[in-house]
Amino acid sequence: MSFAPPRSYSENRRFIRQRNVLLTFLFVGLLLLGIPPSQATSQDSLRPVAHRFISLVEPEGCTDRFITHTLDHVTGVESGMVQMFEANGAGLAVGDLNGDGDLDLVFGNHDGDDAIFWNEGGLRFRKEPFSAGKTRDVKIVDVNADGWPDIVLTRNTGALNYFENQGDGRFVRRVLPGVSAPAYVVNWADLDGDDDLDLVAASYDAGLLTDRGNEYIVGDTHRGVFYYENIGGRFRMTALATTAQALAILFPDLDGDGRPDILVGNDFDLPDMAWVRHDAGWQAATHLLVSMTHSTMSYDQADVDNDGVFEIFAADMKPYPGEAMAGWTPMMEAMMVGMVQARVAADPQIMENVLLVRGADGRYWNHAPDWGVDGAGWAWSSKFGDLNLDGYVDLYVVNGMIEERLFAHLPDHELVEENQAFRNEQGLRFERMPGWRLDSLNSGRSMVMADLDGDGDLDIVVNNLRGPARLFENQLCRGGAPMLIDLRQPGSSNPFAVGASVRLVTDQGEMMRDVRVGSGYLSGDAPRIHLGVPSGAPPRALEIRWPDGAYSRIDAPAVNALHHIERLP
């Protein structure tokens, strides 16, 4: 399978890079003269880095809202009538597939072709059909560590497809040796600390029963949650659970030991699952979650109050304040019965969003009601990002539901809801922001946040079900300046530094971000870190924690810039 390589930069992007080429020559000259590049301190654990930056295109003004653009992609269903788990939609991922500096998009589809949208600058995209659809999850990840991001898809039948990036616009389908169990959702990280990326895959048993029948569920034991350890490019499978209704996988550090752990979000009444790493292997740790969503649709993590610790957001189904209740009435009756049963059984599952905050006892407690984010509709992909560049991560939730029997009482069998945007009020609570014009009425499923036009703020793309994909261009008036960071580890089996984290120190506090492959629902993230630096808070230092625990430091990093930071031996 091959595609024509994308065209070159747009003219305005070329001008910006040419304007900054002198910075690169200066950096190379310092190296040749023997002057050391930016590095942390003289501590033994700190590593030197090569560092250069490119200035970003600054917007001419602001409208204090997002501008909606329609993309030429529709995730449809075969008959037009959404039945059973066709309602779950398809995935979406963002990443720089051709190394030109612009972030491209990969859309999954159910009835129709998947597609690559090559980013040609200025929010212009060139669409290329990619594969035959029936897709669930979409991830962009450098599987073979050759420096070119690959594409990994899951199918509605549980198959996992790996497309190797040839570096010239072509993708060739390959086999992942040892990966065989059905998967609905996958995620990647260096989970064993040996420098390469391991895989966690989980099945959605209800969907498999619908798509493959009783014979499969009864006779096949290859379902549940599986950890695939990467050993020299071959994957050794370990079953962590023998059943799953998994819609999301995240790798937070649950026990605070500095290593990623495994968190799996399950639909229906199957509790979420958690494992922490021990020398003897993976140990179940669901007891760390005091509360969890009843039907987990999405996971993301971020430091919402800038205290240096990540919180975890899990999305579920609960009407948002002011939502018309007519469409929810039949569902609410069932939900109330479930809530009563949960209280009687002391079940940690609750039918609303949860914002999990780590307490002094090491367990995670729900603070979503305090922060104003316990109800956001029939939520799907939900993600954090500093949308207004004030130094605090905001939250966006896409929602809505379509299904012929569940919503037979509604026109077109669709629960129509407004997507919900929440502004972070200086680390104290979230405030709904309908004025941002992110309240789309399309039935959203997967979603990504990324700077797609090179101006430094986060744009948003949503893969809707039975409606066109939308790109929301960020034109919010800024509360600060952007900083973007690309981390690289040349010669490593993890060249894009998946699992690294950064801490930006300013006069007004500190901010933390991490590099991950995926978050939300069926969605893939670019390995490009995004920060908003508050006005009047010049950065003092950027501290990098590499995946193996080593540190680097850059003093007084520039704002309004994309930083390329390369770890040196």
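Of note:
- Residue within the stretch 209-224 that is modelled with pLDDT of 95 or more and open to solvent by 20 Å² or more (accessible area, probe 1.4 Å) present: no
- Check on Pro252, assigned to a loop (DSSP other than H, G, I, E, B), open to solvent by less than 30 Å² (accessible area, probe 1.4 Å) and closer than 30 Å to Arg174 by Cα: yes
- Of the candidates Arg470, Arg432, the single residue that is closer than 21 Å to Pro59 by Cβ and of a type in the set (Lys, Arg) is Arg470.
- Scanning the stretch 463-483 for residues that are of a type outside the set (Gly, Ala, Ser), open to solvent by 10 Å² or more (accessible area, probe 1.4 Å) and in a strand (DSSP E or B) yields a count of 4.
- Against the conditions (1) surrounded by 21 or more Cβ atoms within 10 Å (Cβ to Cβ); (2) in contact with a His (Cβ under 7 Å, 6 or more places away or on another chain); (3) within 17 Å of Ser203 (Cβ to Cβ), Val185 satisfies every one except (2).
- Filtered by the rule that a residue be part of a loop (DSSP other than H, G, I, E, B) and closer than 17 Å to Asn98 by Cβ, the stretch 127-137 gives a lone residue, Phe130.
Per-residue answers, yes or no, for (1) modelled with pLDDT of 85 or more; (2) within 30 Å of Ala556 (Cβ to Cβ); (3) of a type in the set (A, V, I, L, M, F, W, C):
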site	(1), (2), (3)
Ala4	no, no, yes
Val21	no, yes, yes
Asp44	no, yes, no
His69	yes, no, no
Val74	yes, no, yes
Phe85	yes, no, yes
Ala90	yes, no, yes
Trp118	yes, no, yes
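- Enumeration of residues in the stretch 484-503 that are crowded, with 24+ Cβ neighbours inside 10 Å and either over 17 Å from Asp548 (Cα atoms) or at pLDDT below 95 (or both): Ile485
- Residue match in the stretch 487-498 (condition: touching a residue at least 24 places away in the same chain (Cβ under 8 Å) and more than 29 Å from Val200 (Cβ to Cβ)): no
- Once the stretch 127-163 is narrowed to residues that are open to solvent by 40 Å² or more (accessible area, probe 1.4 Å) and not aliphatic (A, V, I, L, M), the residue that is modelled with the lowest pLDDT is Thr157.
- Residue that is most open to solvent (accessible area, probe 1.4 Å), among those in the stretch 523-569 that are assigned to a loop (DSSP other than H, G, I, E, B) and aliphatic (A, V, I, L, M): Ala556
The values are calculated or read from the model by the stated rules, or taken from the named source; none is laboratory data. Quantities reported herein were computed from a predicted structural model and do not represent experimental measurements. Don't worry about glycine lacking a Cβ; one is built from the backbone with ideal geometry, like all the others, and counts go over all protein chains shown. When the accessible area is computed, the model is the full protein with side chains, heavy atoms only, and any ligands, DNA or RNA have been set aside. Shrake-Rupley method; radii C 1.70, N 1.55, O 1.52, S 1.80 Å.
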